[in-house]
Structure formats: C-alpha cells, structure tokens
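Only one structure is covered here, and it is reproduced in the block below.
The values are calculated or read from the model by the stated rules, or taken from the named source; none is laboratory data. All values reported here derive from a predicted model rather than from experimental measurement. Every residue, glycine as well, gets a Cβ built from its backbone with ideal geometry; the counts of neighbours run over all protein chains shown.
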C-alpha cells in the first residue's frame, strides 16, 4: 500500500515505524525546502524520493494511494485545505486548528474527502479501550480526569498556556469526548485564576447516571490520571498507559507499629498499553492500532476507534471554549 509523507518533525518516525510494520510502502517525503530532517528520515526509511517542498505533493498524488500529513502544527490546516476535496485517504496529525479563524471558516459539510482520520493516538491505548468498555458496561459511576500541564515550568506566560491547550491538552479533551460520548454543549466549564491561586479549569457534565469531571491545572508536579468509580469497583489509569482495576479491599487495623487504619483495595486486573507488534518492541503506544485502522480505511473499511475529522473539529471547539475564559 503506497503512501506519501508530508512533514519531517519528531513525530514522523513514530508514524513511519507503525505504518511500515502494518504494510505501507513509502513513495515520497516532503517537508520544508532543503529540510535536513527529511533527508535523514528518507535515508533511515529508504524513501527514494524527497520533494523539494511539501507543497509540491499535488503533482505526485498518482504515485500513492494515501497520505500522512504530519507537518508543524501551524501548517496542518493549510494541508487539510489542500486535501479536503481530493478523494485520497489521509491520516493527519492533531490538532489541525491552531487559530480560531481556521475553525470559524471551516465548513465540514462541504468537504468531498470523507476518508480523513486525525492522529489522536491515545484513543488506541489498550488501557483506554479497556476503560471505555468498563464505562459502557455499567453506564453509571463517577469519572474524574486530572490534567497537570506545564508541571515543570511555573514561569510560562499566557501565550504559552494557549499553545499548550491547543497542541497538547486537546489530546485529553479528545479522550473526554471519546470515553463519554458527550457533545461539547453538554459540558460546563469554570475557569479559576486569582493572584493567589494558580490557573485551572474545571469541566463537568452528567451523562445519565454517569457524572464526569475534568480538572486542568498548571505548574503543579503531578501525573496525568483517570479514575473511574462505580459500585464495587475502582479503576485507575495513572499514567494513561496503564489500566488497573480494584475490587474489594483489605482492612489493616491500627497496631503498635502503625496507629493508622489502612484500606488497601485488591488489584484484580492490569492492562499495560502495548508497544509490541509481530515480535518487535518499542512502537509508540496506540500507533500500531491507528495504522491498522487507517489501512482498513484505505481498503474501504470503517475505522472503529480512530478520530474522524468531524470529531477533531469538536475537540478544537472545546479547546477554544477554554481559551475564551482566560
């Protein structure tokens, strides 16, 4: 299956490893003019044709069956504009929309190319799929998502916060919508920031008997985590790549050596998101399944868990709702 590559940033080799493992053949790569990264990647992955510029790809579409677009974030919308009316299956990196004007002028109804997937790869973590299955099986409980951004840079100013939300926080906003099936208007958002308090967002919603809360805060050392509590069960993903389920608990009464009563839940299941495929290790989590679903799309199948272009639009709408409050 012949694919063309646009972009030569740090994320591209991770995509190419997964695409190669799942049966794709690389026909060309294009990036910035005279890009040394493009030359290096072409050599590493044995890509014979390096375009002078990524913008030259239109003239080479007959050579390929599909495209990967993984240019810099600020260029993604430009390339979406190029492919939206060309019926060629395309996997484009997230987030696509880095400016409100791009989102405001985007008309999804008039896009001819319906075979566009967006690279929100965390949807494909084994841990996330396991959690989604648990939530859908009971449809009740409490889901809490904690998003500690910029935990090592307490000096960052507002422009950097904005960029972080649009380029990184969107990953978790996508998970919120993916796990719960919420629409953006169903979500309530509170922004808290005072001279004596660090900026944070609190997102909340109800879906039937499921209560949902997400906390996004900045400059505090912590780990990303998701907790789901329902009758008789505690599920925790901390970090997102590891699913742990607990049922029942051991109660340790106070003693002479430890005067505090302890409640230790019993772990009954652990799922670690795979980085292995066909005996080879160290693939980026979620990338193999994403590549497999993209291949299925190219072959006229329907993706199961991948992010569609319309879903990515909704993620960006939610991100800009956050920025409106800052």
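Within the range 101-125, the set of residues being over 18 Å from residue 310 (Cβ atoms) and surrounded by fewer than 18 Cβ atoms within 10 Å (Cβ to Cβ) comprises 101 only. Residues that are under 20 Å from residue 299 (Cβ atoms) and surrounded by 22 or more Cβ atoms within 10 Å (Cβ to Cβ) within the range 12-35 comprise 15, 16, 18, 19, 24, listed in sequence order.
Look at residue 57 and say whether it is in a helix (DSSP H, G or I) and either crowded, with 21+ Cβ neighbours inside 10 Å or out of contact with any helix residue (DSSP H, G or I) (no Cβ under 9 Å at 6 or more places or on another chain) (or both).
Yes.
Can residue 52 be described as assigned by TED's automatic domain parsing to the domain that holds residue 298, at pLDDT below 90 and either surrounded by 16 or more Cβ atoms within 10 Å (Cβ to Cβ) or assigned to a loop (DSSP other than H, G, I, E, B) (or both)? Judged against the criteria, residue 52 is a match.
Entry remark, the range 70-99: residues being over 18 Å from residue 4 (Cα atoms) and surrounded by fewer than 15 Cβ atoms within 10 Å (Cβ to Cβ) number 2 in total. Out of curiosity, is residue 38 buried (at least 16 other Cβ atoms within 10 Å of the Cβ), more than 28 Å from residue 300 (Cα to Cα) and touching a strand residue (DSSP E or B) at 6+ places or on another chain (Cβ under 6 Å)? Judged against the criteria, residue 38 is a match. Selection of strands (runs of 3 or more DSSP E) fully inside the range 146-263 by the criterion of at least 2 residues being touching a helix residue (DSSP H, G or I) at 6+ places or on another chain (Cβ under 7 Å), at pLDDT 90 or above and under 21 Å from residue 324 (Cα atoms) returns 197-207, 209-218. How about the range 27-46: which of its residues are more than 22 Å from residue 78 (Cβ to Cβ) and in a loop (DSSP other than H, G, I, E, B)? Within the range 27-46, 45, 46 qualify. Residues that are free of Cβ contacts under 8 Å to residues at least 60 places away in the same chain, surrounded by 13 or more Cβ atoms within 10 Å (Cβ to Cβ) and not assigned by TED's automatic domain parsing to the domain that holds residue 14 are absent from the range 296-317.
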